[in-house]
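First up is the structure itself, then whatever we jot down about it.
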Amino acid sequence: MKPEIIAIVGPTACGKTRRAVQAARAIGGEIISADSRQVYRGMDIGTGKDLSEYGDVAYHLIDIADAGDKYNLHRFLADFNNAKDSITSRGRMPILCGGTGMYVEAALAGLRMPEVGRNEELRRTLADKSLEQLTEILKTYKTLHNTTDVDTRERAIRGIEIGEYYRLHPEAAGEADRKQARPLSSLIVGLDIEREERRMRISRRLDARLEEGMVEEVRRLLDGGVSAADLIYYGLEYKYVTLHATGVLTLREMRQQLEIAIHQFAKRQMTWFRGMERRGFHIEWLPYDMDDREFIETIGKLQMKFG
């Protein structure tokens, strides 16, 4: 029995793209990105697309939405399943690669989510609520495992909107219920990196991206009509660089605050992946700096003993 899909996961700055490309070349695969921000066109440096790393390896779900758009889990799952089916129809192996844990887990769990439109009446009743009040309301719909859903009022309101839709449409909620879904047969490889090494790589990469022109990239997006609010919504690099570009933060303040935020983000990523293990997903953790040949050989051995 061979896996239906291979997933390469791990925290930011651990080299997931390079390893996914190596695996794809070795086994005849194509890469499906599971990064919630690499979907946006023009957001290249800040999201670390590193498209040159792919070479002749085909990739999917990168540059498929306009900057300023609000891509979401529902759209990702639809796009993911289309890409996966296309890849397998050509006899190739889908390789899911990315650090957005929610996207990775939902895809591997086999979830399918219905489209949930805007509920203008509900939004009017929530318009004067504070973020703290919205958080408490959202808790009545679901257990909050992390702060992603409540880091802005807009995200919290959207979470409540979806929760209310599912309350009124239990059949739709069933489609999004992992207990009723068919999980994919997946080989999940995690890249293990020591905390201090991860921190050093994050800091070096941040400096490199600033030198590559990350501030200029954000200014181009602003000049091109993408609002500051939309860029701030995307978080991390786009949040802090936008605050600098609009005069809220100095360059020094921006870099310091952004570095801290990325370190915190990497920690949350690892918390999510460890949580996946507790929720029944088996992850084969390999050293991030494993010898290239040894990594490929290990992937082959894991495939052979799969199932």
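The values are calculated or read from the model by the stated rules, or taken from the named source; none is laboratory data. Being a predicted model, the structure only gives us computed values, none of them experimental. In this analysis, Cβ positions are derived from the backbone assuming ideal geometry, glycine residues included, and neighbour counts consider all displayed protein chains. Side chains are part of the model used for accessible areas, which takes the heavy atoms of the whole protein and leaves out ligands, DNA and RNA. Shrake-Rupley method; radii C 1.70, N 1.55, O 1.52, S 1.80 Å.
Worth pointing out:
- Residue among Ser52, Ser33, Ser185 with the largest mean-square fluctuation in a Gaussian network model of the chain, springs linking Cα atoms under 10 Å: Ser52
- If the segment from Arg167 to Arg268 were pulled out straight at 0.36 nm per residue, it would be longer than the present Cα-Cα gap by 33.5 nm.
- Of all accessible heavy-atom area on the chain, the percent that carbon and sulfur account for (1.4 Å): 49 percent
- Cβ-placed point charges (K, R +1; D, E -1), dipole of segment 66-143 about Cα centre in debye, nearest 20: 260 debye
- About the Cα centre, charge dipole magnitude for segment 39-187 (Lys/Arg +1, Asp/Glu -1 at Cβ), debye: 380 debye
- Relative contact order, percent, the chain [alpha-carbon distance under 8 Å, six or more residues apart]: 27 percent
- Shape of segment 248-307, Cα gyration tensor, a/c cut at 1.5: oblate
- Cα centre as origin, Lys/Arg/Asp/Glu Cβ charges: segment 114-271 dipole, Debye: 360 debye
- Counting only protein heavy atoms and a 1.4 Å probe, the chain has 50 square angstrom of accessible area per residue.
- Most fluctuating residue given options Arg25, Arg201, Arg123, as computed from a GNM of the chain linking Cα atoms under 10 Å: Arg123
- Once the chain from Glu259 to Thr246 is taken as fully extended at 0.36 nm per residue, the excess over their C-alpha distance is 2.8 nm.
- Anisotropy class assigned to the chain is oblate, per the alpha carbon gyration tensor with a/c at or over the 1.5 cut-off and a/b no larger than b/c.
- Principal axis box of segment 162-295, alpha-carbon based, largest edge first, Å: 50, 49, 22
- Protection proxy ranking for 247-259, 103-115, using the average of other Cβ atoms within 10 Å per residue and placing the highest first: 103-115, 247-259.
- For segment 239-270 versus segment 64-122, the gap between their alpha-carbon centres in whole angstrom: 27 Å
- Highest mobility in the GNM of the chain, judged by mean-square fluctuation with C-alpha springs under 10 Å and restricted to His169, His244, His74, is found for His169.
- Shape of segment 30-75, Cα gyration tensor, a/c cut at 1.5: oblate
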